[in-house]
Each structure stands twice: as structure tokens, then as C-alpha cells.
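Everything on this sheet refers to the single structure shown next.
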Amino acid sequence: MKHLSIDIETFSSVDLKKSGLYKYVQSPDFEILLFAWSEDNRPVCVADIACGEAIPKEIISALFDPYTIKHAYNAAFEWYCLSKYFVLQHPAEWLCQWRCTKLHGLYCGYTAGLSATGEALELPQDKRKMGVGQSLIRTFCVPCKPTRTNGGRTRTLPVHEPERWQLFKEYNRQDVVTEMEIENRLSAFPVPENEQRLWELDQIINMRGVRIDSRVVDGALAVSDRVTDSLMNEAVSLTGLDNPNSVSQLLSWYENETGETLDNLRKDTVKALLSGNVADGSVRRVLQIRQELAKTSVKKYQSISEAVCKDGRVRGLLQFYGANRTGRWAGRLVQVHNLPRNYLETLSLARDLVKEQNAEALKLIYGNVPDTLSQLIRTAFIPSEGNKFIVADFSAIEARVIAWLAGETWRQEVFATHGKIYEASASQMFHVPIEKIKKGNPEYALRQKGKIAELALGYQGSVGALIQMGALEMGLREEELPEIVQRWRQSNRRIVDLWYSVEGAAVTCVKTAKPQAVKGVVFMREGDSRGNQDFLTVTLPSGRKLFYARPVLSVNQWGKDSISYMGVNQTSKKWTKLETYGGKLTENIVQAIARDCLAAAMTRLEYAGYKIVFHVHDECIIDANKDQTLDEACKIMGSPIPWASGLLLRADGFEGEYYKKE
């Protein structure tokens with residue numbers, strides 16, 4: 001195989017970050033400005049397309065040669081842009097020829113971003129991405145505001161800034177240098193072929209996109225504007241403030257009205273005040289208005305509107321390997337992974353009223369209009385004309401995986417029979433027959449304790465995890481939480497053993513560099529001196545690996561050996577030293593196995609002709625024809641997986657004319 005490393009610079013009047021790759025490329029004014037390439041690690045060349053240079057014929061030939069592998073950082077961008085540039089009718093046909101260096105870095109536990117990855121890999125300065133990139137992109141790749149200084153132009157061309165254009169060409173060339181160096185550094189740890197095929201499937205799903213009900217989106221935006229204006233006018237009338245949306249003004253008004261001082265007006269603060277002793281009257285109403293206006297999820301309608309393509313579909317909702325610790329997907333653009341839940345029993349009526357932009361009827365029937373609009377966001381996603389949605393979701397996938405992995409027999413029996421894990425957990429914890437834990441019996445109150453324990457304690461969580469999961473809001477007392485932790489752990493001894501076995505195996509592996517196995521999961525210390533790589537790897541039952549870069553042993557606060565590694569802090573998003581432990585490693589492993597189950601199910605569904613338009617956590621949304629059925633889709637998802645013998649999978653779902661959460 002030959003190798004062609006590529007980087008391109010482009011122009012489009014569409015905002016790439018807000019609207020996504022597909023709408024960006026489909027813009028009539030989209031064009032490729034620069035094309036940089038290297039054949040088999042040779043010196044990088046640049047074709048200045050904007051100034052009339054052509055891509056050499058032999059490079060075009062290599063581009064479409066199936067025996068030449070094309071490499072790029074975030075290869076989906078180059079693949080789709082070049083498909084448009086060469087007017088390809090079936091872009092998916094040459095996807096298999098592309099390899100994504102960004103995916104390679106994420107697979108090996110590194111961060112996203114060409115510059116950030118170069119820094120994390122500690123590349124020498126001459127191999128790193130140039131720091132002037134964002135400034136140059138703002139100059140040449142996006143429209144500019146017409147001013148008297150720039151002669152009223154709406155775009156900067158090479159002729160307008162010739163020196164910066166030469167710098168831009170060097171920037172384009174250097175990106176290929178950095179990409180190749182990253183690829184070389186990680187070459188000893190290639191992306192498995194199965195993950196490559198999944199990446200290709202991900203691009204197909206993203207390119208397929210999902211249809212949008214434009215009347216729901218337009219109606220929601222119009223109703224939101226009217227309701228927001230009404231609420232703001234009411235707040236002005238009640239407070240006398242110029243801007244009742246100003247935190248500082250509202251805090252001063254609150255202090256004058258109540259004699260009490262508040263530090264902030266965050267959502268949780270306002271919620272606590274309204275659930276407390278705030279008397280009826282202007283103060284309470286102003287806080288309610290503040291709460292209604294804080295429904296930021298309504299902004300997702302605007303995100304949908306900005307991302308929808310001319311054919312009424314939104315594309316590019318998913319990021320492959322977005323969570324690089326487990327390999328799970330992440331959301332993009334509309335962020336479908338954190339859409340608000342819907343509880344309305346009359347969703348169809350509410351949708352119709354929004355389409356009619358009938359704010360008055362919405363207010364009369366549902367009261368809180370922003371909350372109603374928030375609940376309807378999911379329903380803006382609809383199937384293609386003449387089709388239906390099949391929404392199929394794995395049932396309790398993480399609970400099933402951890403029971404299977406740990407060999408917790410009683411839990412596996414639950415999943416093999418009735419599947420009521422909350423009731424069964426309460427039965428085990430409190431030694432009450434499960435038949436008594438049903439509505440109408442006093443023992444039914446135990447189900448709540450079983451539920452919160454299941455949600456919070458599976459990965460070595462304790463009292464703090466119960467509180468964070470909402471135990472106190474559920475009515476449980478803080479003094480009874482330690483007993484819940486103790487009872488759950490006593491009822492799940494094999495899961496507890498799994499935590500400590502996993503931790504012990506990881507510590508021993510880092511300390512001795514000898515492979516360790518726990519329940520079919522293999523820990524190894526792997527390195528490559530040429531690429532200066534050192535990893536603790538975890539080989540999953542599927543054969544995929546999790547990577548922990550530069551692992552070291554340290555002593556934790558309890559005086560025990562613990563593992564630290566370099567990774568992305570989920571709060572700061574910085575590349576830094578992170579500490580881990582048995583429960584967290586178990587969580588990574590379980591979620592990664594659950595992800596691999598979803599990947600296997602998606603592959604089977606697509607092979608059977610079920611077209612996935614997007615997926616959320618463990619749920620597939622399928623744009624199905626009238627002959628395809630929910631039962632068959634669920635059967636496909638619940639089928640045994642060869643590498644997971646004995647894992648009991650089950651999928652449930654519904655068919656409908658719009659997306660929702662049942």
C-alpha cells in the first residue's frame with residue numbers, strides 16, 4: 001500500500017462550528033483554497049488552488065487509487081470536501097481508502113485537536129502545528145465585514161494580503177508535517193480494522209442525517225420569542241428594573257424586597273428558593289420568571305435551525321470516539337446526547353399548537369411554555385416522508401454488563417427472567433421477598449432505595465455518590481445512606497471483588513510490566529521506544545483496547561499504591577495527570593463493553609437494511625420503511641455476541657412519527 005497524507009484549507013460563508021461540515025460544504029460558495037500533500041513521508045508540497053495552481057495529475061490519480069491509503073487529521077472533513085470538489089455522486093464508495101489521524105490519537109488515549117495532540121505527544125517544535133492558524137483562518141476562510149479600510153469587500157483574497165497568504169501556505173504545509181509525525185509516533189499501536197469499519201459506518205450515518213420538522217422548529221422559535229418578551233415585560237413591571245435579566249440588578253432588588261442577601265441566581269439556587277419558604281407575591285413570581293427564562297435547552301431549536309441543510313435534514317450529529325476513555329460516541333451541533341426528557345401525555349397536541357404558533361393555548365393548557373417547548377425538542381426529529389421511526393434501546397445495558405463481567409449470579413437470573421433490577425436489588429438488600437415489593441404494599445418504599453443504590457453504587461460509589469445522584473431529593477435521610485451502601489455491597493460481593501481485582505491487576509501490571517487477567521479482561525504494559533510511547537492497556541473481550549498514557553504508581557490518601565496517568569480532565573478539558581482506582585477502571589471497562597455491544601448491534605442493523613439516522617447512549621433511532629418492525633430490530637439488538645458468551649442482552653422500544661423518550 002502507498003500512503004498519501006493530506007491537509008486542505010477551504011472557504012465557505014456558512015459557519016462550520018454552528019452548522020457543521022455538511023451544510024458548510026454544500027454552500028454554493030464553498031471552495032478549496034490550498035491542498036497540501038506528502039507521498040510516503042516525502043517532503044510536503046502545496047497546491048495553491050486559490051491562485052490558479054492545479055493539483056498534479058499524478059496526485060489526483062493517487063487520490064482515487066484504491067491501493068493508496070489517504071491520511072488526514074479529522075479525515076471526514078477532507079473526505080467530504082474532496083468528494084464535493086471532484087463532484088462524486090457516491091462519496092461513501094471511497095471511504096474505506098481513508099484513515100483518520102484524529103481517531104488514531106483518540107484511540108490511543110490522547111486528546112482531540114492537532115495542536116493539543118502534538119503538545120501531549122511532546123513533539124519537537126519543528127513538528128508541531130503553527131500557532132498562527134486561527135488568525136489566518138479568520139482572514140482567508142470566512143467572510144469579513146465590509147469597512148471603509150478594506151474597500152467594502154466581504155472576503156479577503158490572497159491578493160489583498162500577499163504576505164499573510166504565503167504564511168498561510170506554510171501553515172497548510174506544516175499541518176501535514178504534524179499529522180505525519182503523530183501517525184509515525186503511534187504506528188506501533190494501530191487502530192483495529194473493526195474500529196476502522198465502525199468509523200466508516202459513522203460517516204455514513206452522519207452523511208445520511210435526520211429529517212427535521214421545520215414547522216415545529218420555526219413555531220417553537222416564534223413562540224419562545226413572544227413568551228420571552230411577555231415574561232420580561234412582566235418582570236419589568238414587578239421589579240421596576242431596566243433589565244431584570246441582569247444578575248446584579250436582580251440580586252439588589254431581591255435584597256431590598258426581602259432583607260436577605262444572595263450570592264448568585266443559578267438554577268439550583270432559584271429552585272431551592274422556590275421549594276423553600278418564599279412567600280407568594282412579587283418575589284416568588286419574579287423567581288418563577290427567572291426559572292422559566294433559564295430554559296436554555298430551548299436554544300437547541302436555534303442550533304437545529306442553523307444546522308439544517310437545504311433538503312430539510314440535519315447531518316453530522318455524532319462524533320466517533322468522542323469519549324476517548326471508553327470509545328463512546330459524543331454529540332455535536334444539537335447535542336442529541338443531552339436532550340431534555342419529555343413527560344407530557346399530550347405531546348401530539350402540544351406539537352400541533354407549536355406549529356400553529358398558538359402561545360396562548362400553550363399557556364392555558366400547559367402553564368410553563370418554555371418547559372413545554374423544551375420537552376418538545378426531541379419531537380423536531382422526524383422520519384423521512386412515508387417512513388416511521390423505530391427507536392430501540394438496550395435495557396439496563398451497564399447493569400447487565402457488570403453482572404456478566406463479575407459473575408453476580410442472582411443479577412444474571414433477574415435479567416434472564418423478569419428484569420426488575422430495582423425491586424430485585426431491594427429484595428437482596430433488605431431480605432424481603434420480591435413479590436411484596438409492589439405498588440400498594442408498604443414494602444414498595446424499598447424500591448426507591450434499590451433504585452438509587454443501583455444508579456449510584458456500581459462503581460465503588462459511597463454516600464457522596466448517593467447524594468450526587470439525588471438521594472436526598474428522593475426523600476431519603478442522610479443518616480440512612482451509609483446503611484444503603486453497606487447493604488448493597490453485601491448483596492453484590494462479586495462486583496465488589498471485581499473492583500479490587502481490577503485495581504490489583506492494574507497496579508501489578510504497572511509495577512512489574514507483566515500481563516494480568518481479570519474475568520477475560522487483560523492488562524498489559526506496552527511501549528514503543530521509537531515513538532516514545534508508554535501505555536497501560538486494557539484489552540476488552542471484543543479485542544479493542546483502552547489506553548492509559550504514561551502510567552505511574554503513586555501513594556493515595558489512604559497510603560495504598562494507586563495509578564496515575566496522563567489524560568484529559570473532563571472538567572478543565574486540559575491534558576494533565578489523572579489518578580484512577582478500581583471502581584473508576586471498572587466503570588471504564590463496563591461502559592466500553594456496553595459501547596462495543598452497541599457497535600455490534602449497529603453493524604447488524606445496518607446489514608439487515610435498518611438505516612440508523614442517529615443514536616443516543618444505548619438507543620438507535622432508525623428511519624424505517626413500513627415493512628420493517630420494532631420486534632425484528634429489537635431481536636437484532638438483543639442477539640448474542642460471539643465475544644460475550646453468556647451476556648444477556650435485551651432491547652425494547654417503540655414505533656412513532658417523531659422522536660421522543662418513552
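Bridging of Lys439 to lysines at a Cα separation below 20 Å is possible for Lys420, Lys449, Lys451, once same-chain residues fewer than 8 apart are set aside. Could you tell me whether the range 1-96 comes out rounded, prolate or oblate from its Cα gyration tensor? Rule is a ≥ b ≥ c as square roots of the eigenvalues, rounded for a/c under 1.5, then prolate if a/b exceeds b/c, otherwise oblate. It comes out prolate by the Cα gyration axes.
In the range 327-483, taking the dipole from charged Cβ atoms about the Cα centre, the farthest positive-side position among Gly470, Leu333, Leu364 is held by Leu333. How much of the pair distance distribution for the range 600-649 lies past 15 Å, counting alpha-carbon pairs only, in percent? I get 44 percent for the Cα pairs in the range 600-649 exceeding 15 Å.
Rank these residues by their accessible area, most exposed first, probe 1.4 Å: Trp165, Trp410. List each step's numbers first, then the result.
On the way: Trp165 5, Trp410 40 Å².
Most to least solvent-accessible, the answer reads Trp410, Trp165.
The rule of thumb for compact globular proteins, 2.2 N^0.38 Å, goes into the C-alpha radius of gyration of the range 165-208 1.65 times.
Computed FRET efficiency, Cβ-Cβ of Trp558 and Asp29, R0 60 Å: what is it to the nearest 0.05? That pair, Trp558 with Asp29, gives E of 0.50.
Taking the Cα centre of the chain as the origin, how large is its charge dipole in debye, to the nearest 20, when only Lys and Arg (+1) and Asp and Glu (-1) carry charge on their Cβ atoms?
Values: 83 positive and 81 negative charges, 120 e Å.
About 580 debye.
The Cα center of the range 571-612 and the Cα center of the range 1-53 differ in position by 31 Å. For the pair Ile204 and Gln468, the difference between a 0.36 nm per residue extended length and the Cα-Cα distance amounts to 91.2 nm.
For a Förster distance of 41 Å, can you work out the FRET efficiency between the beta-carbons of His90 and Ser645, rounded to the nearest 0.05?
Details: r = 39 Å, r/R0 = 0.94.
Efficiency, rounded to the nearest 0.05: 0.60.
Have a look at Ala424, Leu318, Ala392 and report the one farthest towards the positive end of the charge dipole of the range 314-448, computed about the Cα centre with Cβ charges (Lys/Arg +1, Asp/Glu -1). Working it through, the farthest residue towards the positive pole turns out to be Leu318.
Taking 0.36 nm per residue of sequence separation and subtracting the Cα-Cα distance, how much length would be gained by fully extending the chain between Glu356 and Ser237, in nm to one decimal? Mind showing how you got there, number by number?
Numbers: separation 119, 0.36 × 119 = 42.84 nm, distance 2.88 nm.
Full extension of this stretch gives 40.0 nm more.
Round to a whole number: what % of the accessible area of the range 371-483 belongs to carbon and sulfur, probe 1.4 Å? Kindly include the intermediate steps, with their values, before the conclusion.
Details: 2410 of 4850 Å².
Heavy-atom surface of the range 371-483 belonging to carbon and sulfur, 1.4 Å probe: 50 percent.
Classification of the range 43-193 by its C-alpha gyration tensor yields an oblate form. The axis ratio a/c (a ≥ b ≥ c) is 1.5 or more, and b/c is at least a/b.
Before I look further, what does the range 2-119 give for accessible area per residue, probe 1.4 Å, in whole square angstrom?
Values: 4730 Å² over 118 residues.
Spelled out: the 1.4 Å probe surface of the range 2-119, per residue, equals 40 Å².
Two tests apply to each whole DSSP H helix in the chain, Cα reach of 27 Å or more along its axis and mean Kyte-Doolittle hydropathy of at least -1.0, and the ones passing both are 214-239, 493-512, 582-607. Based on protein heavy atoms only, the range 588-662 ends up with 41 Å² per residue of surface accessible to a 1.4 Å probe. Over the residues of the chain, the helix contribution to mean residue ellipticity at 222 nm works out to -14000 deg cm²/dmol, using -39500 (n - 2.57) for each DSSP H run of at least 4.
Name the shape class, rounded, prolate or oblate, that the alpha-carbon gyration tensor gives for the range 176-265, where a ≥ b ≥ c are the square roots of its eigenvalues, rounded holds for a/c under 1.5, and otherwise prolate holds if a/b is larger than b/c and oblate otherwise. Verdict is oblate for the range 176-265.
Taking all protein chains in place and a 1.4 Å probe, what share, in percent, of the accessible surface of the range 198-357 do carbon and sulfur account for? Before the final figure, lay out the partial values.
Values: 3400 of 7670 Å².
With neighbouring chains kept in place, the figure for the range 198-357 is 44 percent.
Each of the peptides 173-185, 257-269, 319-331 was scored by the mean count of other Cβ atoms within 10 Å over its residues; in descending order, highest first, they stand as 173-185, 319-331, 257-269. For the chain, the antiparallel share of DSSP beta bridges with both residues in that region comes to about 90%. Per residue, the range 317-392 exposes 38 Å² of solvent-accessible protein surface, assessed with a 1.4 angstrom probe and all protein chains in place. Of the solvent-accessible surface of the range 545-621, computed with a 1.4 Å probe and all protein chains present, 52% belongs to carbon and sulfur.
Centre-to-centre separation between the Cα atoms of the range 306-375 and those of the range 457-499: 33 Å.
I'm spelling it out carefully: the read-out is P(r) over Cα pairs in 10 Å bins from 0, in percent, the candidates are [x] 3, 13, 20, 24, 22, 13, 4, 1, 0; [y] 2, 11, 17, 21, 22, 17, 8, 2, 0, 0; [z] 3, 13, 18, 16, 12, 10, 8, 8, 7, 5, 2, 0, 0, and one was derived from this structure. Which label? Recomputing P(r) over Cα pairs in 10 Å bins from 0, in percent here gives the entry labelled [x].
The values are calculated or read from the model by the stated rules, or taken from the named source; none is laboratory data. As the structure is a computational prediction, the values presented were derived from the model and not from experiment. Reconstructed Cβ throughout: ideal geometry from the backbone, glycine too, with neighbour counts over all protein chains shown. With ligands, DNA and RNA removed, areas are computed over all heavy atoms of the protein, side chains included. Shrake-Rupley method; radii C 1.70, N 1.55, O 1.52, S 1.80 Å.
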